[in-house]
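Q: One structure, pasted below without further comment.
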Amino acid sequence: MANKIFSIYSNENYQPEESDHLIIETGNNHICLVVKSRAENVNALEWFTYTDEENQNLDNLFREFVDVSALLGKTYASTTLFINNDCNVLIPSAFFKADLIDDYLYAALGECFGYSTGYDRFPDSKGPVNVYRFKTSTTNYIKDRFEISQTQHTYSRLLEKWLLLKNKPDVLMNIIFYEGFFLLAVFEKGALQIMHAFPYQVAEDVVYHWLNLVKQLGLNSNELIIRISGVIDIPSALHSMLLKYFKNVTIETIQLGKINLTCNQYPLHYFTPLFNLAI
């Protein structure tokens, strides 16, 4: 059964226009849709979840999505597809060779069947190259039904935005919370130190990973700036525990001028990672 956990639009009678741009993000158990106008304003957002079993029958799954979606089944000027999974490896550009993609992934993640590969370069030629796998059946199904203008890994897009930020603090940790895992990136003097996804079930799991990483990297927890976003409630037990161990925990800001959504039920920081894909 289609599980639409979030649906937010610019107005009650919202309908996308043919000149709009559609952003699709697929994860292991979710698909998110974001629509932005020609003026780069975000006008609609939908977020679906599904089980591994449901993902085995994509025809039934997408038919259910279309039945309850205001965005699927429409025509768009262009569509961008983002792959959100942890099947990726960051390779220094000086050592990257396109014909070794399979070798990089095999060495880091082992063998895996039913997946295809891709890679993203960053605007700065000195930056890393993100090499990744994506589920072939799901991605091909989407590409057969939409005119995909660009395919990119979600982590590539987020890292690109973070690296381009001006006036970054000396030591910055960006954290994005998803359902059941969080993505973490640490920057020291503007340079990326680590980017990794960690699974978690309870607040103690998150704190353990953070404290362990701070120790391994030799960071000063009092000077470390932690910027969070995604599906985390504020206040909550998890947020309170983070404040107990780290003094400088802030919420990542977004360009509110580009967000044209009527959203009273959910805090906007839930969707900051998706907004970062769109604007």
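The values are calculated or read from the model by the stated rules, or taken from the named source; none is laboratory data. Worth saying up front: this structure is predicted, and the values here are computed from it rather than measured. Because the Cβ atoms are built from the backbone with ideal geometry, glycine has one as well, and the counts that use them run over all protein chains shown.
Q: Does K135 satisfy the condition of being of a type outside the set (F, W, Y), at pLDDT below 90 and over 23 Å from F275 (Cα atoms)?
A: Answer is no for this residue.
Q: Can you tell me which residue within the range 222-254, out of those that are closer than 22 Å to L165 by Cβ and of a type in the set (D, E), is modelled with the lowest pLDDT?
A: E223
Q: Among the residues of the range 107-130, write down those that are part of a helix (DSSP H, G or I) and surrounded by fewer than 13 Cβ atoms within 10 Å (Cβ to Cβ).
A: A107
Q: Which one of these is over 19 Å from the mean Cα position of the chain (by Cα) and touching a residue at least 24 places away in the same chain (Cβ under 8 Å): I142, I175, I148, I101?
A: Result: I101 is the single residue among I142, I175, I148, I101 that is over 19 Å from the mean Cα position of the chain (by Cα) and touching a residue at least 24 places away in the same chain (Cβ under 8 Å).
Q: Could I ask something else about it? I'm checking my understanding of the structure. Among residues of the range 112-148 that are in contact with a Pro (Cβ under 9 Å, 6 or more places away or on another chain) and among the hydrophobic types (A, V, I, L, M, F, W, C), which one is farthest from N57 (Cα to Cα)?
A: Ranking the candidates gives F122 first.
Q: Which condition number in (1) at pLDDT 90 or above; (2) under 26 Å from H30 (Cα atoms) is the one that V171 fails?
A: Checking V171 against (1) at pLDDT 90 or above; (2) under 26 Å from H30 (Cα atoms), the one that fails is (2).
Q: Separate question: Within the range 78-86, does at least one residue satisfy the condition of being assigned to a loop (DSSP other than H, G, I, E, B), crowded, with 19+ Cβ neighbours inside 10 Å and at pLDDT below 95?
A: The answer is no, given that none of the residues of the range 78-86 is assigned to a loop (DSSP other than H, G, I, E, B), crowded, with 19+ Cβ neighbours inside 10 Å and at pLDDT below 95.
Q: Out of K143, K161, I need the residue that is touching a helix residue (DSSP H, G or I) at 6+ places or on another chain (Cβ under 6 Å), surrounded by fewer than 18 Cβ atoms within 10 Å (Cβ to Cβ) and not hydrophobic (A, V, I, L, M, F, W, C). Which one?
A: K161
Q: Inside the range 131-176, can you point out the residues that are part of a strand (DSSP E or B) and among the aliphatic types (A, V, I, L, M)? Show your work before the answer.
A: Taking the range 131-176 and keeping what is part of a strand (DSSP E or B), we get 131-135, 148-153, 171-176.
Within the range 131-176, V131, I148, V171, L172, M173, I175, I176 meet the criteria.
Q: Which of the residues belonging to the range 35-50 are of a type in the set (S, T, N, Q) and buried (at least 20 other Cβ atoms within 10 Å of the Cβ)? Give the derivation first.
A: Quick first cut of the range 35-50, residues of a type in the set (S, T, N, Q) only: 37, 41, 43, 49.
Residue satisfying the conditions is N43 alone.
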